[in-house]
1. Which residues, taken from the range 47-87, are of a type in the set (Val, Ile, Thr) and within 9 Å of the chain's Cα centre (by Cα)?
2. Considering the range 48-70 alone, what residues qualify as being in a helix (DSSP H, G or I) and within 15 Å of THR95 (Cβ to Cβ)?
3. Pairs please, first residue from the range 108-127 and touching a residue at least 40 places away in the same chain (Cβ under 8 Å), second anywhere and among the aliphatic types (A, V, I, L, M), Cβ atoms under 8 Å, 6+ apart in sequence or on different chains.
4. Do you know which residues across the range 84-133 are farther than 20 Å from GLU146 by Cα and of a type in the set (A, V, I, L, M, F, W, C)?
5. In the range 82-96, is there at least one residue being surrounded by fewer than 17 Cβ atoms within 10 Å (Cβ to Cβ), touching a helix residue (DSSP H, G or I) at 6+ places or on another chain (Cβ under 9 Å) and outside any helix (DSSP H, G or I)?
6. When you look at GLU126, is it within 27 Å of GLU61 (Cβ to Cβ), modelled with pLDDT under 95 and not in a helix (DSSP H, G or I), yes or no?
7. When the residues of the range 31-46 are narrowed to those that are in a helix (DSSP H, G or I) and surrounded by 15 or more Cβ atoms within 10 Å (Cβ to Cβ), which ends up farthest from the chain's Cα centre (by Cα)?
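The values are calculated or read from the model by the stated rules, or taken from the named source; none is laboratory data. Computed from a predicted model, the values in this text were never measured in an experiment. Here the Cβ is made from the backbone with ideal geometry for all residues, glycine too, and neighbour counts use every protein chain on show.
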Amino acid sequence: MIQPIKTYTVEEAKRKLERYCAYQDRCHQEVRKKLVEMRMIPDAIDVIIGHLIEHDFLNEERFAKAFVRGKFNHKSWGKQRLVRELKLRKLSAYTIKTGLLEITDEDYEKVFDALSRKRIQQLSSEKDKYKKRKKLADYLIYRGWEGDLVYQKVKELVP
């Protein structure tokens with residue numbers, strides 16, 4: 001038996017999305033996607049997003065700051081990866097720049113150094129210094145750290 005598809009009134013959708021946004025900061029793209037999944041029509045989507053912005057459930061600047069803090073502190077992502085991920089979420093250049101201000105230069109260097117040293121410890125079984133350098137560099141670049149920083153650190157840690 002086929003189950004009927006759940007439909008929502010605009011008010012029900014507003015309440016559901018208020019809870020969705022209150023639980024965790026969201027970007028406009030995530031909210032729009034959620035509303036499309038709920039089978040809301042484009043006019044209703046615009047009304048609901050307007051309501052969420054007006055009542056401060058949806059704020060992209062706050063989202064960008066929280067995203068940057070979280071991914072930097074917990075996953076040790078570099079600025080390049082953070083920018084790429086925020087662009088995927090269709091945030092403006094200004095909003096991305098504002099989000100990146102959450103990271104101090106001192107913290108950035110500290111985390112980069114700690115991550116590099118931790119990774120070089122994991123690579124201690126690798127005897128070939130060129131392979132070791134490549135593995136370290138690939139790892140750091142994948143994490144979104146700038147190439148010049150990475151190659152400088154690789155030369156320092158694997159002479």
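1. Initially, the range 47-87 is screened for residues of a type in the set (Val, Ile, Thr), giving 47-49, 53, 68, 83.
Within the range 47-87, VAL68, VAL83 meet the criteria.
2. First pass over the range 48-70, keeping only residues in a helix (DSSP H, G or I): 48-54, 60-70.
Result: ILE53, GLU60, GLU61, ARG62, PHE63, ALA64, LYS65, ALA66, PHE67, VAL68, ARG69.
3. Going by the 8 Å Cβ cut-off, the qualifying pairs are PHE112/LEU140; PHE112/LEU149; SER116/LEU136; SER116/LEU140; SER116/LEU157; ARG117/LEU157.
4. Correct list: LEU91, LEU123.
5. Let us first name the residues in the range 82-96 that are surrounded by fewer than 17 Cβ atoms within 10 Å (Cβ to Cβ), namely 84-85, 87-88, 90, 92-94.
From what's left, touching a helix residue (DSSP H, G or I) at 6+ places or on another chain (Cβ under 9 Å): 85, 87-88, 90, 92-94.
With the extra rule that they be outside any helix (DSSP H, G or I), the set shrinks to 90, 92.
Yes - at least one qualifying residue is present in the range 82-96.
6. Details: within 27 Å of GLU61 (Cβ to Cβ): no; modelled with pLDDT under 95: yes; not in a helix (DSSP H, G or I): yes.
For GLU126, the condition - within 27 Å of GLU61 (Cβ to Cβ), modelled with pLDDT under 95 and not in a helix (DSSP H, G or I) - is not met.
7. Applying the first criterion (in a helix (DSSP H, G or I)) to the range 31-46 yields 31-37, 42-46.
Then drop every residue that is not surrounded by 15 or more Cβ atoms within 10 Å (Cβ to Cβ), which leaves 31-32, 34-35, 44-45.
Details: VAL31: 16, ARG32: 18, LYS34: 18, LEU35: 21, ALA44: 28, ILE45: 24 Å.
In this case the residue turns out to be ALA44.
Conditions tested, residue by residue: (1) in contact with a His (Cβ under 6 Å, 6 or more places away or on another chain); (2) over 30 Å from ARG32 (Cβ atoms); (3) of a type in the set (Ser, Thr, Tyr).
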| site | (1), (2), (3) |
| --- | --- |
| ASN73 | no, no, no |
| GLY78 | no, no, no |
| ARG81 | no, no, no |
| SER92 | no, no, yes |
| ILE96 | no, no, no |
| ILE120 | no, yes, no |
| ALA137 | no, yes, no |
